[in-house]
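Step one of this worksheet: look at the structure below.
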Amino acid sequence: MKFKIAAITVIALLVFFKAQAQTVNEFSMWGAWFHTQKFSEHWGGVFDAQFRSADNVAYLKHPLLRPGLSYYFKKNKIATVGYLFTGTHRKTATENTFRTENRVWEQFIYTHKIQRTAMQHRFRLEQRFVDKLGTSDAFFAQRLRYFARGVVPVKKQQEFVKGLFVALQNETFINVQNKDKTNGNVFDQNRAYVAFGYRLSKAIDIETGYLNQFIKQVETNTMNHVLQVALYTRFGN
């Protein structure tokens, strides 16, 4: 019995250290601006611009520009279609490349409150068109994302229009078409995030926090530790 327990313990430790050895840790910074614009009772627009660094903030790795057009079924039920331009910049001693990616995306957002916590649920489907680069072929793939975010005011208010808040969120990415062109796995990545912010007015939030991004890859996985700074603006609401 003792031998079996010792053997199981050794196997478990070997599996653990193998998993650790297959994961590369990176440290980066992300800057983001998220904007929501209401045009009328039912129509609006969204736009976000993000700039994400490479490991150790060595250079700009991912720029993202994402506009979209929204339809408000109700104030808390919103459908959006949009476009995204992004790319991956790789810069080493032997390589300096930029592989572009264009996406069409559709999403549905549902918001509600749990006591004083403002909750948002977002379901997004992406059609990814990744360009050819060197010996790597261009490819098309689809990915489904589920995002949940909660904003909790530090001080209880009848309506949260100004003050400190804590934000908690998580987003999971699932490959739903042509996963063999990405990482060969249904699971793509997960992003967990905690932040502290300040609401300047009903229309403007600023926040900074820690984001943990785990990326499933074909051989070596990536655990990206991110310091994020974000600005949220909401006009016409």
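The values are calculated or read from the model by the stated rules, or taken from the named source; none is laboratory data. Predicted model, so just to flag it, every value in this text is computed and none were measured. For neighbour counting, all protein chains shown are included, and Cβ atoms are generated from backbone atoms with ideal geometry for every residue, glycine included. Surface accessibility is based on the protein's heavy atoms, side chains included, excluding ligands, DNA and RNA. Shrake-Rupley method; radii C 1.70, N 1.55, O 1.52, S 1.80 Å.
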- Query: Of all residues in the stretch 151-171, which are crowded, with 16+ Cβ neighbours inside 10 Å and not hydrophobic (A, V, I, L, M, F, W, C)?
  - Reply: 153, 169, 171
- Message: Quick check on residue 94: is it closer than 24 Å to residue 51 by Cβ and of a type in the set (Val, Ile, Thr)?
- Response: no
- Item | Those residues of the stretch 32-65 which are among the small types (Gly, Ala, Ser) and open to solvent by less than 30 Å² (accessible area, probe 1.4 Å), in sequence order | 32, 44, 45, 49, 53, 54
- Query: Which ones in the stretch 78-95 are over 16 Å from residue 65 (Cα atoms), surrounded by fewer than 16 Cβ atoms within 10 Å (Cβ to Cβ) and modelled with pLDDT of 95 or more?
  - Reply: 79
- From 165, 73, 147, 173, which residue is in contact with a strand residue (DSSP E or B) (Cβ under 6 Å, 6 or more places away or on another chain), farther than 23 Å from residue 207 by Cα and assigned to a strand (DSSP E or B)? 173
- On the given criteria, is residue 180 of a type in the set (Asp, Glu), surrounded by 13 or more Cβ atoms within 10 Å (Cβ to Cβ) and out of contact with any helix residue (DSSP H, G or I) (no Cβ under 7 Å at 6 or more places or on another chain)? no
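Quick grid of which residues meet (1) among the aromatic types (Phe, Trp, Tyr); (2) in contact (Cβ under 8 Å) with a residue 24 or more places away in the chain; (3) closer than 27 Å to residue 163 by Cα; (4) assigned to a strand (DSSP E or B):
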| site | (1), (2), (3), (4) |
| --- | --- |
| 28 | no, yes, no, yes |
| 35 | no, yes, yes, yes |
| 50 | no, no, yes, yes |
| 81 | no, yes, no, yes |
| 94 | no, no, no, no |
| 103 | no, yes, no, yes |
| 109 | no, yes, yes, yes |
